[in-house]
Structure formats: C-alpha cells, structure tokens
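Notes for the one structure printed next.
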Amino acid sequence: MTTEYNIQAKVRLLINWLCLILLFVITGCKETVPSRSISEREFHYADRLSALSIDKTGYWIGGETGVIWHINGDERKRYYTGLDRIYDVERDPAHPNQIWIASRNAGLQLWNIAADTLLHQLTYDIPSKGSRYSPYDITITAKHLYVATSQGLFSMPISQPQQGLTLLYPIKATSATQCCEPFLVNNLCPVDDKWLFAATQAGVISINLHTQKTELRHKGENIRKVAFYDGHLCILSDNQLTIENINGADSKHFPLPQSVLSFYKAGSTYYFITSSRILLSDNLERFVSIPLRNNVPDNPHRIAIADDGNGFSILLTKNALWRIPHHLGIFNANPPVVAACRMGNDLIYVNNQHELFRQKADELIAKKVYDFEDDELPKEMFADGEDIYYYTANNQVFRLNIGEQYLINQLFKRPQLLTQPRTRITSMALLSHENKLLLGVQDYLLSVDCRNGKTDTVKSMNNRYITAFHQSQESGKIYISTLNHGVFVSKGKQVERIAGTEHMVFVNSLCTYNSPRPRLLLLTNHYLQIQGADSIRTDGSNQIFCINDSIVYTIPEMGIHKYKIKNNRLYDCGSFFDDIHFNAQAAFSLNNTLYIGSDLGVIQLTPDKEEAAKWVTFDNKAPSLQLIGIILFTMMSIIGIILFSYRRHKTLTYRQLQLSKDDLRHRLKALAGLKDRLTENEQNTLEAISNEIETINISSQSLRANNELFANLSARIARLNRDTALQMVKFLNEQIDRIQQYEVYECSQMIHDSEEARSTDNIEIIIEQCKKNEVCLNHIQEIKERLDKFYRSTEDTLVLSGLNDGMRERLQHIQEATKQLTIAEVYSDFIVVKEQYENIFTPKGLKVIRDYISTNIVELQRLKGYEEMAESLLNELQTIEKDIDNRDRIVLLRLLQTIDNRITQIKYLNTLQQLIEEYTTIHDNIKKENEERRMKKFHSKLFADIDSATRDVTDQIAQILEQFFISFATTDKEVCQEIFHFTSVNSQQVRVLILLLAMPRVKRTLLPGMLGIYGNLNPVVSRLYHSKIGDNKTLLDEYCKRNTSSIVNYITKLSE
C-alpha cells in the first residue's frame, strides 16, 4: 500500500527536530554526578552485636550472647556475663567500678568490674515477674535510676537501691495486677534533670522530675524513639518524625519515605536507620539513602551514639561497628581536591575527576574552566600569570595556559610537555622572576627553563633526596629540605647548607617566619621545631603553613592541627575537623587565610576563627563539546535528508502506487483460494473488489485520490479476510499458550514459527502450522505425563541394585536434556527408564525385594543392642515378607526405605558406642599419666593434651553424629522439627542427645571432650532431660505408640 508524501507532516517533523535541538542546547551542560559516600570506617566483631551505649571513658558494646566490650580509644576490653542478649550497659556515676546491665529476660542487674572480669552483685525483681522481664534502656539522674522494660517504666532511688524498682507507668488499679500485662517502653530521654520522656507502645510518657506530674502524649501511637535536640523534642513513629517544644506545643510532622527503626541527629544532619540502610536528611524534605553492608540488629533499642566526642557518630550493625564522620559531603558531594595553587588574585583547584576550577579571591564559588585527560592529572602545581605548571604521576612536567572560559579552554588550550625526568619527582618550586622551575627528583635537583623546557642539573645537590621547597617572599631565598642531608638555602646560583641542620633527617616541610630576620620552622615525621629553639611532637604530619608569623598549621592524616609561636616557643592549640582528610598538596595561604583541599572540597580557614570556616562551592556545569558536535551533525543530517527526500519524491511516487496496487491483488488472491468456504454474499464482495482494483488508473488520478481508494479497498479486504481467519488465529493462540507451559527444546522454535505464521495473516500458513503444532504437543504431553509419573513413583523409595538404582538420576537427566535436545534425541533414554520402571512390577523385581528383606532379617537377628527397636523392625520385615505379593511395589519401597534408615541408625549408634569406649580409654590413660607427673597439668592445658590425643576419635564421632542426625530428621521428622525443634547437628543439645542414645550411662564429664568443647555440658543435659524430653513426654509417648520401631522409644527412656 502506498504512503502519501504529506508536506504538512514533513513540516511538523522538522519543527520537532528543531525544538529537540534547542532543548539539547539549553540543557547541554556537562555536569559530574557525585558519588554517595559517608566515609565510614567499619570495625568487625566475631560475635553478633545488639546494643551500644556511651559513658565518660568510652562506650559499651553489648552482644547477642551476653558478651560485653568496653572501647576506650584503641583499648578494647571483653567481658563475659553468661546472659542472653544485652540491651543496655550504663556505668554507675557514683561508683565507676559498677555497671548496670539490661539483658533479655534476665531483669536489671548490677555488676562489679574486677580487673578483666565482671562479678554479678544483684538482680532487681519486679512484682509478678521476678527477674523474668526484659529491660531495654537505663537512665541515671542525680537522684533516681529509671529503666524502660517490657512491663512498663520503673524507677529506683540511686542512693537506696535496696528499695528495689517501683512501677511509674502504666498505673494499675491494684498491686496484684501490676506488671502482669506487657507494656513496651522502647527508650528513655532525660532533659537537664528536669524532665524525663519515654517512648512506649501507647505514646510518649512525659514526667516532670520536680513535680512528679506524669502525662501521656500522642496517645495510641507506637513510638519507637524520643530524643532531645536543639531545644526541641524529636519523636519517631513508624514512618513519621514529630518535632515539638518540650511542653508539647508547636508540633510539626515530617513524613519519612519508609518505615524507620531508630534515628539520631549529628550537627544539622538527621540519620534515620532502617534494617539495611541509612536515610540522611538535612531538611527533612530530601533524603539520601546509603546501604549498610550488614543489617542492624533485630528489634533494636540502643544502636547509635550521635557524638563520640571526637567528631564521629557510632552506628551498630549485626557484626560490625560503623564510625561515621560528622562532616559529610553527602549533600554537596564535591569530589576530593588533589591539587591547588594561587594565580594572582585567583585560586586554582583540581579534583580527582580531572576537573580544573577557578575562583575569584573575593568570592566563594569556583567555576569549572577545564577538563584534564586521564593521564594528565596534576599532583602539584604552581601558576605564573595565566600559565599553570604542574607534574603528573608519570613524572611529566606540563605548562598549560588557561583562561576563564571553559569552552575556549577546552577547544583551543592544550598542555605543553616541558620535561620528563627518568626518576620520580619528589617536589617542585616555581621561580617566576627567573622563568625557571626547580624539580626535586630522586637523589638530585633539576632546573627547568619555563620557556623551552631546557633542563640543567644543579651539581651541588647531587645524591640528595629533595623533600620540599620554600621560597621567602621578602628575601627571595629558596630553602630546600632533604631526606638525609639537612636543609639548604639557595640565592642566585649559590646553594649552601644551613648550619646546624647537618644531622636533620626526614624533613617533610619547612617555612620561615619573623621577617626581616627570618627563623626557620621545620616539620619532620615526628616533630615540629624552630631551628635552634623550641620543638614539639607532632607525628604523621606532612605539610606546614605559617600565617602572620604567629600561627602554624600542620596537616596530619585527618584534620588540621594548630600551633602558636610566642617568644620562639611553640604551643599546641589543638586540632580541627578531625573527621576530614585534607590533602597537603592542595593547600596554600593568601591574604592571611589558609585554603586547603579535602575529600569534601576546599575549606577557607582564617586564624583564630577556625570554627567559622567557609567552604568553597564548586560549579561544575559546563557546555559539553560532544553534545555540541552531535547537535551540529544532527542539523546537517536533517537538512540533507529533507533535500534528498524531496528530490526522490517524484521518482518514487509512481513506483509506490504500483506496489500498492500489486499488494491488493496479492491479498485478494489468497482469499480467492478459500472461495469455496465463503458465503454467496462474501463471494460477490470478492468479485466486486477484484473489478475495482483492475479499473484503477494510477497515472491519471491524483495522489490523494489514489491513496483514498487504496485505503478503502484495503479495509474491505481486511474485513473479509478477518472473518475467515479469526477462528484459525484463535486456535493458534491457544496452541501457543499450551506450548509455553512446557520447557522443552522444541518450544522456542514452535512458538517462533507460530508467531511468524500468525503475523503473516495468511490463512493457509496458519492452518498448516496448527497441524504441526498439534502433533508435537500430543507427543510432548505424553512424554511429560509419563516422566512425571515415574518421578513421583521413585520419590522417597528404597534404591536397590538391579531394581531401580540410577533411575532418579536418569529422570533428572532427561528433564534437563529436553531443554537442550529434541524429544527424538532423548527418546532412547526415556525407553531405558520406562523399562526400568516396568521391571519393578515383574517377578524379577519382586525377587530383588525379597532378597533384600531376607538379608536384613538375618542382619537384624545378628544385630546387637537396641533389641526392642531391632525386634520391632524384624517383625515389620517378617510381616511384609508374608504378604509381599499383595502389596503395591512403590508403597512397599517407600516403607522399606524407612526401615532401612532405622537399621542404619542402630549401626550408627553401635559405632558410636565403640568410639565412646575408645575415647574413654584414651582419656583415662592421659589423666593417669598426668597424675604420675611431677608437674601436673590442669584445666585447659590438660584438655588440650586430651583433645590432641583423641582428635581422630572425636572427628569420627562428629561424622557419625552428622550422619545420624540426617537419618533421624528423615525418619522422625515430627519429633525432630515439631516437638524438639532441632534444625542442625551443630546444636549442643542434638549432639549430646545422640551420644546419650549411644551410651546413656556415659560419664557426663566426658561429653564436652567428645564434642571438642572445653567446659561443662551439665546444663545442656539438664535442659535436654527436662525442657525437651520431660516437657514433651506425653507427645513422645503417643508418637512411640504409633511408631514402635522408632529410635524415639529410647529417647523417652533417657529421662526415666
């Protein structure tokens, strides 16, 4: 069918393209998308963690298994309490060697710190629950101790702890009902010893500590946490933060993007914690999501410290601790600045994204002016006029003339290579008045001409490793520090060593002060010193800056350190921004102000006003050269296409109309083949359409008229064709749906062929395809049904050699092979499986089963130990043997599988008996030998000897235990999972139970050694006898009545 060349459509297309180009021009700025990072430090622990709390000497970490750590700087102490999950740890303010511990289902407890251990002193009960309640949060004020628990809010006079805990909320009608019903209090928030707020399941409890007036706010809401920040109360519910005054007035509600477990605020940033992410916000409107590498503990209460006193906040996850700096670049996200310098009154910066920025000295905005290539990133740079001199990691020294316009710089400015030393460049200095660069390279000094790159060696500095340069603005002297040879001064062509520095080593940086009689200030790896005067220790700093001849800044690994010079003595003034990494190569001073690059951008630091430091804003929006090129190319292409299309239009018009007429004839011919199936009315319509097609004159009629006629005829043919093909298409669609239900190799090709046939609208092709599909579908369905039947029949059945061995593997192989091969190719494997399945029901198959039963009857008669279980199994086999001819073979094989497993269990237990006896013999011999020694070994050392001597035996015991548990979990799944709730052989109760089944009268003191454990398992045995067996005695007896051959019969006897 022809397509009309519509002039109006062409015009609309051109307008759309022009609008799109205009949009590209407007938005065509290249802007770097910042990465999201909070620069956290992660500290891993071997145990699962649950709680975090701070005190005056560090902070406490609680574990899920009762382990407690105290962290004070780099010192870490570990204590074991034997409790369950720790919710909170608080040091007693009046007795620093006492701590209060909140633990799951163990009540509030007071412990004494004795060296590296904790000694339990007292547990505080509450009415009706005793010590079986869970405290979540402890707060100690001047007079009282308050504790949030699972049963409500309690208090106790801190000076009279013997009075015990008193319920504050909820207030019950009678003392008899107190503490019986749960009332969850999540956390406590004291405010200036005047107020106490508590987050509960029913709202926020507000207590005036002076008047003892108590009220409930936000009634009916489940409050997760309440905190006090910046004079306001912050209340967290599931997905909302409410901020209000301390008296509850002026409430403001802020919806959160998802449900939050906890939160805290550091500076102006809110940290909302979910199970696997942190949501950060500085205005409670926009949120940035940061994923956690480990989830936070389940049901958390105290998992964060907003400020550890060192500029960091602490966050607890299940197995690690995150130390998060307060200064985050998450909202401005400036890339780290790696180099910087002055350019007259302008400032130049380079970040690790290879972007060059230029800033006016009286402004705080730096604009992007250039993009370096990947291998041209400066490490250190200087500027003279509009020229920038820098060297790269490849030891290449470049000169770049840079202007203020990004587009001009990017199109017309390129770095010029001046020189490339063979060894590593260690430092650089620019002598503007001499048009020279001084390069400190490994073990010598180079002088480079800035105009032509000519390089000379300063011979007097050969074999000296240059670490830094300093140029005195007043005298013009160049001071040069070396690694091992002291400090030199250069003026003109003379280079001399400064007296008294001959033995100075590891000088990282230097500068002068006290004009016009300058004094030399040196920075080594360990000291900051005034030559010939005072020195002060400063480890790990690598750059020094002196401002106003009195203020000195050094740049350590983290933060900025400040010193003052007074009467030629150095005074330590502390450090600033300890949570930020600054780059010493990206720092300089201008107009008594220090500009220094960091991982968060550039900070502008004024002496004695460090807390009011200003940050430079980086504007990285710049035109994209690639996009401009694409726009120009697109415009030229569009114009060319339009001209070409117009020129070809007249030539193609006639050909298009002729092709449309031929297409109508072809479509009509296909319907003519179905003429016998058409009604008389449809046959007349077909004849009329054919006559109209032949009468069309494509040369005499106008283009519009021909197109309208073709469209009318095409619609009439389509309606006629639709009625005929509708039923066949519907049937083909049903076949496609059926094919998609099977995962076999032929399906993709059948679907492809069917969709191609359907898309042709050719009724003959559709009919032929339907026939092919039906044959294939019947064949596939038959094979699949038989395979499913075979697979179900082999499930949980006993595998016997010569009967059904390998059958299940062959079925799985066929299932997978049908996805890679055709049905015909895997049919031979199907025949093998089919014959093997039929063999089960033959006399030959019955003989194999009889032989197995006979063999096991004989084996059970000879089997020693567990006589009741063996006799019951023997009776079952003899019963089966008598009426084996009347039993269904598949059901019989499933029954025999269970019997086989239980016979194997007896064998496992007999093997365990032998191993236990062998272990006992070795154990007794070693103890006897130890008694005969003059220097006896005790406790862990003796255990180590026994463990080493019995390693082979205990390894075998562990292997048998695992095999027995797998078998037991199969034959007695109801007892294992639903009654005992055993899930793994790693459980101590599981392993002890199996050992007791093997030898009930084994010495309990030997059990830990058999399991490779140093300790006492009597509590495990006691809980096993009482909690597992004793408490479930009725259920176990009923189970044993139904399963007389089960090993559970012997488990019930253990508690007798």
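All of the numbers you see were taken from the coordinates with simple rules; none came from a lab. Computed from a predicted structure; not experimentally measured. Cβ sites come from the backbone with ideal geometry, for glycine too, and all protein chains shown count toward neighbours.
What is the gain in length, in nm to one decimal, between N208 and K609 on full extension, counting 0.36 nm per residue of separation less the C-alpha to C-alpha distance?
Extending this stretch completely gives an extra 140.3 nm.
The GluC sites (Glu not before Pro) of segment 548-657 meeting both criteria, a DSSP state outside H, G, I, E and B (loop) and at most 15 other C-beta atoms within 10 angstrom of the site's C-beta, are E557. Applying both filters, DSSP loop and at most 16 other Cβ atoms within 10 Å, to the GluC sites (Glu not before Pro) of segment 304-381 gives E363, E373. Computed FRET efficiency, Cβ-Cβ of V191 and N592, R0 45 Å: what is it to the nearest 0.05? It comes out at approximately 0.55.
Computing FRET efficiency as 1/(1 + (r/R0)^6) for D796 and T1005, where r is the C-beta to C-beta distance and R0 is 60 Å, gives about 0.90. Find which of Q396, F412, A533 sits farthest along the positive direction of the dipole of segment 337-623, computed with +1 on the beta-carbon of Lys and Arg, -1 on that of Asp and Glu, about the Cα centre. The residue sitting farthest along the positive end of the dipole is A533. Can you give me the P(r) profile for segment 98-223? Cα pairs, bins 5 angstrom wide beginning at 0, each as a whole percent. That works out to 2, 11, 21, 24, 21, 13, 5, 2, 1, 0, in percent per bin. Remark: the Cα gyration tensor places the chain in the oblate category, a/c being 1.5 or greater and a/b not exceeding b/c.
Expressed as cubic angstrom per residue, what is the convex hull volume of the alpha carbon set of segment 743-840?
87
Under the simplified labelling scheme, the S475-T855 pair shows an inter-label distance of 10.2 nm, with each label point 7 Å from Cα along Cα→Cβ. Subtracting the Cα-Cα distance of T457 and N97 from 0.36 nm times their residue separation leaves 122.9 nm of extension gain. Each helix, a run of at least 4 DSSP H residues, gives -39500 (n - 2.57); summed and divided by the residues of the chain, these come to -11500 deg cm²/dmol at 222 nm.
Between D1031 and Y80, the FRET efficiency from the beta-carbon distance, with R0 = 25 Å, is close to 0.30. With 22 Å as the limit on Cα-Cα distance, the pairs of K225/K252; K847/K907; K56/K77; K928/K1003; K143/K213 that go past it are K847/K907.
Taking each residue as 0.36 nm, the span from D829 to L284 lengthens on full extension beyond its C-alpha to C-alpha distance by 189.6 nm.
The translational diffusion coefficient of segment 337-623, from Stokes-Einstein at 4 °C and 1.567 mPa s with a Kirkwood hydrodynamic radius over alpha carbon pairs, comes to 67 µm²/s.
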